[in-house]
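Contents: one structure, followed by commentary.
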Amino acid sequence: MTVLKRYVLRLFMSLKYVTANVVDRNNGRIVATASTVEHSIKNSLECGRTCNAKAATVVGEVLAMRLKVEGLESGQERGIHVDVNKELEKKDFKNRTKVWAIINSLKSNGVRLILDESNDASRLG
């Protein structure tokens, strides 16, 4: 059985770190990931104790590069699904900017995202 929304973007945020994963829902595997936990990303940022939208943007850029290397920037022509309302709901108000920073960074780096929402579509232009 194949899932229609095969590739899904999942975001995880704490006070110190931002992580973005693209998950293949057919087999439950993470196909690409980027996080401020990684030394190469962490050392390029001046986050201190908290990460901001700039760090989230860098995570989005690195994830986009990794998806392109894997040949998945278009999600095998189906796109990578993002449930924006769910991601915003499970993050507190302060992380809203980080969520949009990752989404916008992925889109601006050529990743084909399909936003599974209707209320915030005007925000992306």
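The values are calculated or read from the model by the stated rules, or taken from the named source; none is laboratory data. Keep in mind it's a predicted model, so treat the numbers as computed, not measured. Heads up, the Cβs are rebuilt from the backbone with ideal geometry, glycines too, and the neighbour counts pull from every protein chain shown. When the accessible area is computed, the model is the full protein with side chains, heavy atoms only, and any ligands, DNA or RNA have been set aside. Shrake-Rupley method; radii C 1.70, N 1.55, O 1.52, S 1.80 Å.
Table: residues versus (1) part of a strand (DSSP E or B); (2) open to solvent by 80 Å² or more (accessible area, probe 1.4 Å); (3) modelled with pLDDT of 85 or more; (4) more than 15 Å from Asp116 (Cα to Cα).
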| site | (1), (2), (3), (4) |
| --- | --- |
| Glu46 | no, yes, no, yes |
| Val58 | no, no, yes, yes |
| Val62 | no, no, yes, yes |
| Arg66 | no, yes, yes, yes |
| Lys98 | no, no, yes, yes |
| Ser105 | no, no, yes, yes |
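Of all the residues in region 16-28, those that are of a type outside the set (D, E, K, R) and touching a Lys or Arg at 6+ places or on another chain (Cβ under 7 Å) number 4.
Each residue in region 67-112 was checked for being within 13 Å of the chain's Cα centre (by Cα) and among the aromatic types (Phe, Trp, Tyr), and 1 pass. Filtering region 1-32 to residues that are of a type in the set (Gly, Ala, Ser), within 11 Å of the chain's Cα centre (by Cα) and either open to solvent by 30 Å² or more (accessible area, probe 1.4 Å) or within 20 Å of Thr97 (Cβ to Cβ) (or both) leaves only Ala20. For region 68-96, filtered to residues that are among the charged types (D, E, K, R), assigned to a helix (DSSP H, G or I) and open to solvent by 10 Å² or more (accessible area, probe 1.4 Å), the residue that is nearest to Asp24 (Cα to Cα) is Glu70. Cβ-Cβ contacts under 9 Å between residues 6 or more apart (or on different chains), taken from a first residue in region 1-28 that is more than 27 Å from Lys42 (Cα to Cα) to a second residue that is at pLDDT below 90 and small (Gly, Ala, Ser), are listed as Lys5/Gly79; Arg6/Gly75.
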